[in-house]
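Worksheet for the structure shown next.
The values are calculated or read from the model by the stated rules, or taken from the named source; none is laboratory data. Predicted model only: the values in this text are computed from it and were never measured. A quick note on method: Cβ atoms are made from the backbone with ideal geometry, for glycine too, and the neighbour counts reach across all protein chains shown.
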Amino acid sequence: MQYRLWQVVTALIRRIPPRAGYAIAAAAGSAAFYCWPRGRRATIRNYQQVLSGAPPSDVRRMARRSLVNYCKYLTDFVRFPSVPAPVLIEQVLGSEQFEALDRALADGKGALIVCTHFGNWDLGAGATAARGYPLTVLAETFEDPRLDEMVVGARRRLGMEVIKIEKAGPSLVRALQRNGLLALLIDRPTPGDGVAVEFFGSTVEVPAGPARLALRTGAAVVPVAFARTAAGAPTVTTLADFLPAHTPTGDQAADVTAITQAIMAAHEGFIRRHPDQWYMFREMWPRPTAATR
């Protein structure tokens, strides 16, 4: 069903003007907000944390806008594999950030590009590959292999090397050792299997992998986000925070926590600037149990 639905959506979006596609995406996002109770509740709880103290009406409005913007991201994802490389590059603003990236790569140790589900990360990745950077992305596997191949194929056609999470292993280290870019998403909650950090004033557990890779390889760590600049266009602006090199202290657990905290602090800043462009439809922060209330 998921694969067939994606086929239909893809065929439709590719045949209509972009503005019409965004209009459909906006309607779909609004419908999803009202027809998906579990996702709506989780998104609202997340925005209660992000917009601490805001009126409930503002929280609900932001949660709905997040779903709308996510659907617009999907619309762009359908289109951009057929967009010529020069156009992709024009759609991703941020020459200063790419110049800073060149300086970070001068050490020859590669760079960890750490993203969240925000804005249009795939457009940013596609433009980065189009600029000639060797880019490896880590991706989850969809249950339906046909859908998985559609999504992975779209990314590979843009010049990205795609590594699946379950088959990652040494491939991630090799990508950095070649002085390439390795892009990872960090905002998937991992209770009991990650590292605890502060995020919007409360503790959350997120993957420790980026910090561990940085300590192992010496790669530069760059939290990055690609924020949409206009409601009716795919153009994004690049937000990047080049973290200072971390000198290991000998306490790996403390080092991993320090690096991960710096990454999440950078992303908190990005989200505060554009809160409706963060797409987190599962609860990010665990609710207190009866024993901890």
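Here is how the numbers come out for the structure above:
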quantity: Filter result for residue 204 (under 17 Å from residue 263 (Cβ atoms) and either assigned by TED's automatic domain parsing to the domain that holds residue 267 or buried (at least 18 other Cβ atoms within 10 Å of the Cβ) (or both)); calculated: yes
quantity: Pair list, Cβ < 6 Å and 6+ apart or interchain, from segment 204-222 residues that are at positive phi to residues that are assigned to a loop (DSSP other than H, G, I, E, B) and of a type in the set (D, E, K, R); calculated: 218/109
quantity: Given (1) closer than 25 Å to residue 268 by Cα; (2) more than 16 Å from the chain's Cα centre (by Cα); (3) part of a helix (DSSP H, G or I), index of the condition residue 54 fails; calculated: (3)
quantity: The lone exception for residue 20 - which of (1) among the small types (Gly, Ala, Ser); (2) under 28 Å from residue 130 (Cα atoms); (3) within 19 Å of the chain's Cα centre (by Cα) it fails; calculated: (3)
quantity: Residues located in segment 213-264, provided they are touching a Gly at 6+ places or on another chain (Cβ under 9 Å) and charged (D, E, K, R); calculated: 228, 241
quantity: Some residue of segment 226-243 being free of Cβ contacts under 8 Å to residues at least 12 places away in the same chain and not in a loop (DSSP other than H, G, I, E, B); calculated: no
quantity: Search result, residues across segment 170-209 that are among the hydroxyl-bearing types (Ser, Thr, Tyr) and within 21 Å of residue 281 (Cα to Cα); calculated: 190, 202, 203
quantity: Test: residue in segment 115-123 that is under 28 Å from residue 28 (Cβ atoms), among the hydroxyl-bearing types (Ser, Thr, Tyr), assigned by TED's automatic domain parsing to the domain that holds residue 216 and buried (at least 19 other Cβ atoms within 10 Å of the Cβ); calculated: yes
quantity: For residue 125: the one exception among (1) over 16 Å from the mean Cα position of the chain (by Cα); (2) in contact (Cβ under 8 Å) with a residue 24 or more places away in the chain; (3) part of a helix (DSSP H, G or I); calculated: (1)
quantity: Which listed residue, of 48, 97, is surrounded by fewer than 23 Cβ atoms within 10 Å (Cβ to Cβ), in contact with a strand residue (DSSP E or B) (Cβ under 6 Å, 6 or more places away or on another chain) and at pLDDT 95 or above; calculated: 97
quantity: Filter result for the condition that a residue is of a type in the set (Val, Ile, Thr) and closer than 22 Å to residue 138 by Cα, over 50, 78, 83, 59; calculated: 78
quantity: When residues of segment 189-202 are limited to those that are without any contact (Cβ under 8 Å) to a residue 60 or more places away in the chain and at negative phi, the one farthest from the chain's Cα centre (by Cα); calculated: 193
quantity: Segment 244-268, subset among the β-branched types (Val, Ile, Thr) and assigned to a loop (DSSP other than H, G, I, E, B), residue farthest from residue 116 (Cα to Cα); calculated: 249
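Per-residue answers, yes or no, for (1) more than 18 Å from residue 121 (Cα to Cα); (2) outside the structural domain of residue 90 (by TED's automatic domain parsing); (3) surrounded by fewer than 18 Cβ atoms within 10 Å (Cβ to Cβ):
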{"site": "198", "(1), (2), (3)": "yes, no, yes"}
{"site": "214", "(1), (2), (3)": "yes, no, no"}
{"site": "218", "(1), (2), (3)": "yes, no, yes"}
{"site": "223", "(1), (2), (3)": "no, no, no"}
{"site": "238", "(1), (2), (3)": "no, no, no"}
{"site": "242", "(1), (2), (3)": "no, no, yes"}
{"site": "258", "(1), (2), (3)": "yes, no, yes"}
{"site": "269", "(1), (2), (3)": "no, no, yes"}
